[in-house]
Amino acid sequence: MYGITGYSNGYHQNQQQHSSEEKRGGGRRRRGGRRSRHRPGFRVSDHHHHHYNNDDDDDKQEQKAPPPCTDFDMAYFHSYAHVGIHEEMIKDRVRTDIYRAAIMQHQSFIEGKVVMDVGCGTGILSIFCAQAGAKRVYAVDASDIALQANEVVKANNLAEKIIVLHGRVEDVEIDEEVDVIISEWMGYMLLYESMLGSVITARDRWLKHGGLILPSNATLYMAPITHPDRYNDSIEFWRNVYGIDMSAMLQLAKQCAFEEPCVETITGENVLTWPHVVKHVDCYTIQHDELESVSTRYKFQSMMRAPLHGFAFWFDVEFSGPTNSPTNNHIPSLLTGASNNNHIDGIQKKKRANPNEALVLSTAPEDPPTHWQQTLIYFYDPIEVEQDQIIEGSLTLSQSKENRRFMNIHLEYSSGGRSYVKESVMR
Ligand SMILES: C[S@@+](CC[C@H](N)C(=O)[O-])C[C@H]1O[C@@H](n2cnc3c(N)ncnc32)[C@H](O)[C@@H]1O
């Protein structure tokens, strides 16, 4: 039997009841738009708790019970039922082309094999895998977008190969192990949205020993930035409005513009020095508890004199096979000046030549823009830094206790003899 409620017609719906009571939830209009702008709250359907069957003898099934599906999770899945979010992702050609190229690059792993697409959305990656010759693809999504995925699969005569499972990866059941897991799980600042945990769950339940995970690893970076245009546009603007001194608005403007992280596109020119690796994730080995809280200490040396306005965050993911997994041999993406320790890597380096020739999906400021853009944490007031001035401190990203899909950000920074702390929440 496949799915939770049975196997019929290739499509398996995990019954979800919707109540009329709706409230603000924890999902979001996840992609696109500035974080600092107003966005509508997500509306939550009646929560629905799924029950995991622990009776299965299979070792892989002997996992601890999955987290319950909360109202926040339901709101999150509901947000993915909207066409707009899928349109935006699919139209992001950088993203979608690299996924397709990675699938084709690993065709020899996929041909004749069983694949699971964790969070299939419209089913696009599942279909790429079927086109690459997969014997069977389990396309799993808890959002109602799974209904459309099933129609898309049927319309492309792939219902024999692609089994759409409408339910949480944590709750669905399949009868076999899989050779390949594919998933597009990355949120803003890589870890926002906490979807990687569901990939870990799928890996631990079903992936065969030696199986393939695409993408195979991911890296989150941070770097200090200068962005006078943005600061002037949102803050300095109030000093003279049609000849009127509106400086009384300054504090409110700073609070409103910079309290939360902003999702915006910057360029390499905004970046003051080489990035620092906040977290490297090996999808073959990462464990759930590593994602609850990520901490790092950083130390930068500004390459120029400029007002320091905050920090930018971006990530890249790499698509390599299990044997190439660079667990102990990580070369930070693209900007190889990146450093994962407390030392300054002041040596200017070229872009890397990837030894594994793995495809890399980069969301770095110097690379072609994606719908993830970059995530910016702005200071309320800029710090004037001189060339070679040190900027140092620490960062902790942790899943919110209230809603694990929210991210608490604790940032400490000091430069020029003064120290600061900024707390923010990405919600
Ligand atoms: C970023 S979208 C990717 C959609 C599609 N794979 C693509 O590349 O266009 C992530 C999808 O994963 C689904 N998802 C997230 N967590 C899930 C979980 N635990 N179980 C099932 N689906 C999940 C969401 O509903 C959403 O449709």
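The values are calculated or read from the model by the stated rules, or taken from the named source; none is laboratory data. The model shown is predicted, which means the values in this text are computed figures rather than measured ones. Cβ coordinates were reconstructed from backbone atoms using ideal geometry, including for glycine residues, and neighbour counts include every protein chain displayed.
Quick notes on this structure:
- First in segment 225-253 and among the aliphatic types (A, V, I, L, M), second anywhere and outside any helix (DSSP H, G or I) and modelled with pLDDT under 95, Cβ under 6 Å, 6 or more apart: none
Residues are listed down the side, and each one gets a yes or a no for (1) farther than 30 Å from M116 by Cα; (2) of a type outside the set (A, V, I, L, M); (3) more than 14 Å from the ligand (Cβ to nearest atom); (4) out of contact with any Gly (no Cβ under 8 Å at 6 or more places or on another chain):
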| site | (1), (2), (3), (4) |
| --- | --- |
| D175 | no, yes, yes, yes |
| V178 | no, no, yes, no |
| L212 | no, no, yes, no |
| I244 | yes, no, yes, yes |
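- Qualifying helices (runs of 4 or more DSSP H) (wholly inside segment 84-154; at least 3 residues being more than 9 Å from the ligand (Cβ to nearest atom), touching a residue at least 24 places away in the same chain (Cβ under 8 Å) and surrounded by fewer than 19 Cβ atoms within 10 Å (Cβ to Cβ)): 93-105
- Breaking point among (1) crowded, with 21+ Cβ neighbours inside 10 Å; (2) in a helix (DSSP H, G or I); (3) away from the ligand (no atom under 14 Å from the Cβ), for W238: (1)
This table checks each residue for (1) at pLDDT 95 or above; (2) out of contact with any Lys or Arg (no Cβ under 9 Å at 6 or more places or on another chain).
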| position | (1), (2) |
| --- | --- |
| A65 | no, yes |
| T70 | no, no |
| F77 | yes, no |
| I85 | yes, no |
| M89 | yes, no |
| Y99 | yes, yes |
| A102 | yes, yes |
| K113 | yes, no |
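- Qualifying position, being touching a helix residue (DSSP H, G or I) at 6+ places or on another chain (Cβ under 9 Å), surrounded by fewer than 19 Cβ atoms within 10 Å (Cβ to Cβ), small (G, A, S) and outside any loop (DSSP other than H, G, I, E, B), among A248, A312, A257: A248
- One residue stands out in segment 155-173 among those that are within 20 Å of the chain's Cα centre (by Cα) and charged (D, E, K, R): the one that is nearest to the ligand (Cβ to nearest atom), namely R168.
- Screening I383 against (1) among the β-branched types (V, I, T); (2) in contact with a Gly (Cβ under 7 Å, 6 or more places away or on another chain); (3) surrounded by fewer than 16 Cβ atoms within 10 Å (Cβ to Cβ) leaves a single unmet condition, (3).
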